[in-house]
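Notes for the one structure printed next.
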Amino acid sequence: MIDRYSRQVLFREIGKEGQKKLGESSIVIIGCGALGGIIATSLVRAGIGKVKIIDRDFVEYHNLHRQIVFDEEDVKSQTPKAVAAERYLKKVNSTIDIEGVVADVNYSNVEDLVRGADLILDGLDNPETRFTLNDAAVKLKIPWIYGAAVAASGMTMNIIPGETPCFRCVFPSPPPAGIIPTCDTAGVVGAAPFIIGSLQSAEAIKILVGARQVSREVVVIDVWEGTFDRFKVESRPDCPACQGNYEFLQVQLGIRTTLLCGQNSVQVIDPKMTGLSLEKMAAQLERRGKVTCIESTLHFNVDANEMVIFPDGRVILKNSLDESLARELYVRYIDNQQ
């Protein structure tokens with residue numbers, strides 16, 4: 001029987017020794033949408049030994065035109081993306097360790113989620129989390145690969161602590177709300193994340209096998225215009241992260257709300273809440289409205305509002321962009337039940 005990685009091993013820059021390194025490597029993929037799905041399926045097929053996939057969301061129909069690890073059954077069952085991805089990828093390669101984690105990555109948990117990894121890959125859909133991830137990666141000295149795609153364009157960059165500029169060297173602070181186009185405002189052509197995710201996967205393999213061809217530039221593509229550009233970047237001497245000032249890891253108090261990219265939904269997080277019992281929560285909420293348990297999530301319908309409750313204490317208010325309403329419902333039905 002021909003080894004499943006035989007064609008990859010024949011590529012001399014990888015070879016048997018490189019394949020062995022891949023099999024001994026551990027990676028974390030944060031976000032399992034279009035980018036994360038491409039990255040995950042590419043690197044699982046490449047034989048990375050341990051793959052952790054983290055995502056806070058569940059599968060919806062508008063995901064399917066560009067997110068390759070999900071299908072219509074995942075939509076019908078309202079499956080969390082991390083759960084669906086783990087299930088799919090284990091069918092792709094049963095010989096490696098694959099773990100799907102349903103969680104929102106933030107300052108309170110990012111270090112625990114990525115600690116021990118050899119490499120982190122970015123499949124995120126919001127800038128703020130990238131600054132948090134950058135602080136954690138620089139602090140823990142873990143390389144990570146930034147990637148983003150919206151409309152018909154995308155970009156990617158390798159961040160290797162101590163060797164390359166970090167994310168904050170290039171982007172000193174998060175952009176004001178509404179400035180950066182999102183898939184909600186500009187849409188997305190599926191080919192853009194496919195290309196960026198593939199480039200991230202290739203760079204991941206190069207980093208893990210110790211190749212000398214690892215990119216030190218920002219790569220920007222536009223699939224509609226047919227352009228492919230590279231830009232050199234420099235470290236900033238006044239970069240807080242590079243100086244050991246990890247501002248985005250500092251504790252923040254109070255309930256936080258976030259509009260979810262590509263959805264008519266609001267996510268609510270209380271940093272003080274470390275987790276909850278869905279079984280206990282279901283018993284308490286049944287007196288207030290309709291409760292349904294689906295794939296390790298709790299769906300609660302009350303007063304024409306639909307709330308999805310996760311074991312880590314997060315809540316997504318569906319079919320609304322009203323952040324004040326989301327916060328009010330969270331306090332009334334979640335915080336008050338603890």
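In the range 296-307, the residues that are assigned by TED's automatic domain parsing to the domain that holds residue 279 reach residues that are small (Gly, Ala, Ser) with C-beta atoms within less than 7 angstrom, at least six apart or across chains, in these pairs: 298/282; 300/289; 301/289; 302/289. Meeting the requirement of 2 or more residues that are crowded, with 24+ Cβ neighbours inside 10 Å and out of contact with any Cys (no Cβ under 8 Å at 6 or more places or on another chain), the helices (runs of 4 or more DSSP H) wholly within the range 1-75 are 34-46.
Evaluated against (1) outside any strand (DSSP E or B); (2) outside the structural domain of residue 157 (by TED's automatic domain parsing); (3) touching a residue at least 12 places away in the same chain (Cβ under 8 Å), residue 287 falls short on exactly one condition, (3). Considering the range 55-88, the residues that are in contact with a strand residue (DSSP E or B) (Cβ under 7 Å, 6 or more places away or on another chain) and of a type in the set (Gly, Ala, Ser) include one that is farthest from residue 5 (Cα to Cα), namely 77. Of all residues in the range 86-113, those satisfying the criterion of being in contact with a helix residue (DSSP H, G or I) (Cβ under 6 Å, 6 or more places away or on another chain) and in a helix (DSSP H, G or I) are 89, 92, 110, 111. Annotation: residue 312 fulfils all but one of (1) touching a residue at least 60 places away in the same chain (Cβ under 8 Å); (2) part of a loop (DSSP other than H, G, I, E, B); (3) farther than 30 Å from residue 141 by Cβ; the unmet one is (3).
Given the condition modelled with pLDDT under 95, crowded, with 23+ Cβ neighbours inside 10 Å and in contact with a strand residue (DSSP E or B) (Cβ under 9 Å, 6 or more places away or on another chain), answer yes or no: does some residue in the range 89-98 qualify?
Within the range 89-98, none of the residues are modelled with pLDDT under 95, crowded, with 23+ Cβ neighbours inside 10 Å and in contact with a strand residue (DSSP E or B) (Cβ under 9 Å, 6 or more places away or on another chain).
Apart from one condition, residue 182 fits all of (1) at pLDDT below 95; (2) more than 16 Å from the chain's Cα centre (by Cα); (3) under 18 Å from residue 33 (Cβ atoms); the exception is (2). For residue 30, the stated conditions hold: it is touching a strand residue (DSSP E or B) at 6+ places or on another chain (Cβ under 9 Å) and either in the same structural domain as residue 200 (by TED's automatic domain parsing) or at pLDDT 95 or above (or both). Here residue 307 passes the criteria (1) modelled with pLDDT under 90; (2) hydrophobic (A, V, I, L, M, F, W, C); (3) touching a strand residue (DSSP E or B) at 6+ places or on another chain (Cβ under 6 Å) except the one numbered (1).
Exactly one residue among 313, 244, 226 is at positive phi and surrounded by 15 or more Cβ atoms within 10 Å (Cβ to Cβ), and that residue is 313. If you go through the range 247-268, how many residues are of a type in the set (Gly, Ala, Ser) and surrounded by 11 or more Cβ atoms within 10 Å (Cβ to Cβ)? Of the residues in the range 247-268, 2 are of a type in the set (Gly, Ala, Ser) and surrounded by 11 or more Cβ atoms within 10 Å (Cβ to Cβ).
The values are calculated or read from the model by the stated rules, or taken from the named source; none is laboratory data. Keep in mind that what you see is a predicted model, and the values were worked out from it rather than measured. Reconstructed Cβ throughout: ideal geometry from the backbone, glycine too, with neighbour counts over all protein chains shown.
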